[in-house]
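The values are calculated or read from the model by the stated rules, or taken from the named source; none is laboratory data. All of these numbers come straight from a predicted model, not from anything done at the bench. Cβ: placed from backbone, ideal geometry, glycine included. Neighbour counts: every protein chain shown. Remember, those area values only see protein heavy atoms, side chains included, never the ligands or the DNA or RNA. Shrake-Rupley method; radii C 1.70, N 1.55, O 1.52, S 1.80 Å.
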Amino acid sequence: MALGISPTISIRDSLSLRFFSKNPSRSLFSRAKLRPYTHRQAHLSSMASAHCNDTQPCSSPSPSLLVFSGGTAFNGVVEELKKVTTRVAHVLPVSDDGGSTAEIVRVLGGPAVGDIRSRCLRLSDESTSEALAVRRLLGHRLPIDPSDAKLEWYRIVEGEDPLWDCVSRPYRETIRAFLVYFQDQILRRSDESFCFSNGSIGNFFFAGARIFFQSLDAAIFLFSRVSQIPKESLVLPVISTNDRLTLGCELSDGTIIRGQNEISHPTNGRTEQINKDYTSCSALPSRIKRVFYMSSEGSNLLHEVFPSVNPMVLEQLSKVDCVVYAMGSLFTSVCPSLVLQGIGERISSRSIPKVLLLNSTHDRETAGMSASDFVTAITDSLNRTYGAPHKSLNNRPSDYINAILVPRDGQVAVDTDILASQGISHVVSVDSIRDPKAGVIFDPKSLIKALTDFICKIASIPVKHPEALMSSS
């Protein structure tokens, strides 16, 4: 199975790493190598740019969407969405500081890649046994116990683990080379001890590629080609950077909280697993007023910074048929993409479907909020209401949202009178299902049908629903 990229990876004598474990008899690690980084970064980056800027229309009449989301909640409907259209730009934040992402950022710096990796895996090919093997490898997590995790990591990076079964040599050499490079970067930070507990192999591969190419876009392009994501499906970081980004929030009582994890799912240490159950977290002292980005360097870590939005996001916003604000963590997954200058301007200028997928339950960030409160939070973020006055907008909620899809039997109150006063009258109840972990959630088939039907109605775009969708309606 071809990689679909020019051969920028080779096995050369540029790295020679020795790995030590509890077994003192382990032999010298086999030497997987990367060519020195020269003009090839520019070559791959230019390919990534060409991939992202491909404006050739698809022969299918399927609609094009741009989805603002995090890396978890919307994943559950990606498979159904692919049956209707693959022309989707997935815009994701790069400020996550929890889980194995936090450990990578702590030791190696750079932006968080966990949400991007998670979406790439959901979009990856599953049509062959090798594609499934690659997806299984890059989706694998190491054991919780640090010692067991380190031993398994060594087996994987040395190519001895059963996870490599069914992965052909070209894929094995490419993936393994970047895992080796990631390990090399960790060993170079001798003053830091990296904890592999619950580590994501996909995150390690992604981080190795980003550091090697010194380009987040190039790393996404490589990951997309390795996992064979359709060319018309884009995974876009809302901020394209090699720097670490820290999210902060200001509460209504003036309290400042630093770090995405501290806002949404506080933990007691870096090795503790994140528990996303709302009942497991103490309530915030007051509601969130706004989210913003904070300095990650220097002595004043409470200093607000203003990163620039990824130009590709603005370009996609100018030409898609529909904008979707996905369900999930409102203030730490969706709003971090909306507060950047240029996003509100571009969305308000378009006369297209703009759809909010309402959460089914409350979480630590949204306790007690109604549907109209969700709309207000999104509007304030896009208007940058509580930022610098000269950079704020004064657009109406209906300039940003013109429809809300609500999961049936959800816990969030739908206050239709207030929504109507906000200019939003199209509120659709969608069938739901009960998930053992998350509780009530959208039924994926019903959600995608309701979404595409609304796009059809507003934009007059013919959409062919798959038979599975039609039979469930």
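Observations on the model:
- Accessible area (Å², 1.4 Å probe, nearest 10) - Arg364: 30 Å²
- Accessible-area order (highest first, 1.4 angstrom probe) of the listed residues Lys289, Lys231: Lys231, Lys289
- Over segment 76-150, relative contact order from alpha-carbon pairs under 8 Å, at least 6 apart, %: 22 percent
- Accessible surface of Ser252, taken over heavy atoms with a 1.4 Å probe and every protein chain present, rounds to 80 Å².
- Per residue, the solvent-accessible area of segment 322-387 (1.4 Å probe, heavy atoms of protein chains only, all protein chains present) comes to 22 Å².
- Entry comment: accessible area of segment 149-206 is 36 Å² per residue, from protein heavy atoms only and a probe of 1.4 Å.
- Sulfur and carbon atoms: percent of accessible area, segment 116-194 [1.4 Å]: 44 percent
- The overall shape of segment 112-241 is oblate: from the C-alpha gyration tensor, with semi-axes ordered a ≥ b ≥ c, the ratio a/c is 1.5 or greater and a/b is no larger than b/c.
- Here the Karplus relation 6.51 cos²θ - 1.76 cosθ + 1.60, evaluated at θ = phi - 60°, turns the backbone of segment 245-258 into coupling constants of 10, 10, 8, x, 9, 10, 8, 4, 8, x, 5, 10, 10, 9 Hz, with x for every Gly and Pro.
- Anisotropy class of segment 177-247 from Cα gyration tensor, a/c 1.5 cut: prolate
- Accessible heavy-atom area order of His140, His303, highest first, probe of 1.4 Å: His303, His140
- Contact order for segment 326-375, expressed relative to its length and based on alpha carbon pairs under 8 Å spaced 6+ residues apart, stands at 48 percent.
- Dipole magnitude of segment 301-420 about its Cα centre (Cβ charges: Lys, Arg +1; Asp, Glu -1), debye to nearest 20: 320 debye
- Per atom type, segment 299-385 shows carbon and sulfur on 52% of its accessible surface, probed at 1.4 Å.
- Peptide packing for 197-206, 444-453, 409-418 was compared via the average number of neighbouring C-beta atoms within 10 Å per residue; ordered from the highest value, the list is 197-206, 444-453, 409-418.
- Area accessible to solvent at Thr255, 1.4 Å probe radius, in Å²: 50 Å²
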